[in-house]
Amino acid sequence: EVIFMNKKILFFIIFIIIISFIGNLARKTYIIYKYDKQMKEYSQITNFHQKYKISNNIEIETWRKDNISLYKRSSEDGTRLIYKDYNQNIGWIISDIQINGKEIKSATKVNDLENLLGSSILYNELGAHNIGQYIQFAFTSSISSQNFYGMKCYEIKLSDNNFTYINKNNYLCTGITNNNNTTILIESSFNDITDENVALPDLSNFEIIENK
């Protein structure tokens, strides 16, 4: 009778462990699914601003209004812009940088927009887009609740020192940390971009280069 009771207790403990595992897996799968679902909706928005602030003094910003986008990369050596106008199928690569103490200002006109860097949509930082990938991420990652720079977030641990932070309120990615001890802060806003924000900069002081 004692052995029978011990087996019942053991089976009950195993049952609780299995239910807890399944419940936690379902919770993580849902969070990853919800993030992907929201990002698919965000990716349809054509009026937004997004900024990546990287801990090595690099900032990357994107402004988009309808069919015009402006991508800006700022670092200690200067600024690089990528301008895309899908209405006229024209792009520009604009550099205002310092090389060996010399200022270089150039603007290259590009007629093949698809090969230009700079995303014109918001995208899923995790890269999970279907139920199989959701479950795979749920199996291989851990998800906890954390405050990330004052925001209530899901902290998704992908591997040692590799974390992605998802805002609990709007399911936007708000930050990334990785194995290189690099922290990336991500800011996003919608429907407040004007024509002025995406205007082609004044190129009168730049060397103009025609891309052949």
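For N100 and N179, what does the FRET efficiency come to when R0 = 25 Å and r is the distance between their Cβ atoms, rounded to the nearest 0.05?
So, using R0 = 25 Å, E works out to roughly 0.20.
Angle, helix 131-140 long axis vs. longest principal axis of the chain, Cα atoms, 0 to 90°, nearest 10?
70
If you count only protein heavy atoms with a 1.4 Å probe, what accessible area per residue comes out for the chain, rounded to a whole Å²?
Ligands and nucleic acids excluded, the figure is 61 Å² per residue.
Nothing charged except the Cβ atoms of Lys and Arg (+1) and of Asp and Glu (-1): what's the magnitude of the dipole of the chain about its Cα centre? Round to the nearest 20 debye.
1020
Assuming R0 = 30 Å, can you tell me the calculated FRET efficiency for the pair T108 and S43, based on Cβ-Cβ distance, to the nearest 0.05?
So, using R0 = 30 Å, E works out to roughly 0.60.
Can you find, among A138, F12, I156, the residue sitting farthest towards the positive end of the charge dipole of the chain, where Lys and Arg contribute +1 and Asp and Glu -1 at Cβ?
Of the options given, the answer is F12.
For K157, which lysines qualify as cross-link partners when the Cα separation must be under 27 Å and same-chain residues fewer than eight apart are set aside?
K28, K34, K37, K40, K51, K53, K168
For the Cα atoms of the chain, what angle does the longest principal axis make with the long axis of helix 2-42, in degrees from 0 to 90, nearest 10?
20
Across segment 94-108, in residue order, what do the Karplus-derived ³J(HN,Hα) couplings come to in whole Hz, using 6.51 cos²θ - 1.76 cosθ + 1.60 with θ = phi - 60° and x for Gly and Pro?
Once rounded to whole Hz, the list reads 10, 10, 9, 10, 10, 10, 6, x, 9, 7, 10, 10, 9, 9, 9.
Given a 1.4 Å probe and every protein chain left where it sits, what share in percent of the accessible area of the chain is carbon and sulfur?
C and S fraction of accessible area: 52 percent.
Among N47, N181, N111, which one shows the highest mean-square fluctuation when the chain is modelled as a Gaussian network with alpha-carbon springs under 10 Å?
The residue that fluctuates most here is N181.
Step through the residues of segment 167-182 one at a time and calculate ³J(HN,Hα) from phi using the Karplus curve (6.51 cos²θ - 1.76 cosθ + 1.60, θ = phi - 60°), rounding each to whole Hz and writing x for Gly and Pro.
4, 5, 7, 10, 6, 8, 6, 10, x, 9, 10, 9, 5, 8, 6, 9
Among bridges DSSP assigns within the chain, what percent are antiparallel (round to 5)?
Bridges in the chain that DSSP calls antiparallel: roughly 95 percent.
The values are calculated or read from the model by the stated rules, or taken from the named source; none is laboratory data. Keep in mind that this is a model prediction, so the values were computed, not measured. Neighbour counts run over all protein chains shown; Cβ positions are idealised from the backbone, glycine included. Each accessible area value is taken on the protein alone, full model and side chains, heavy atoms only, with ligands, DNA and RNA left out. Shrake-Rupley method; radii C 1.70, N 1.55, O 1.52, S 1.80 Å.
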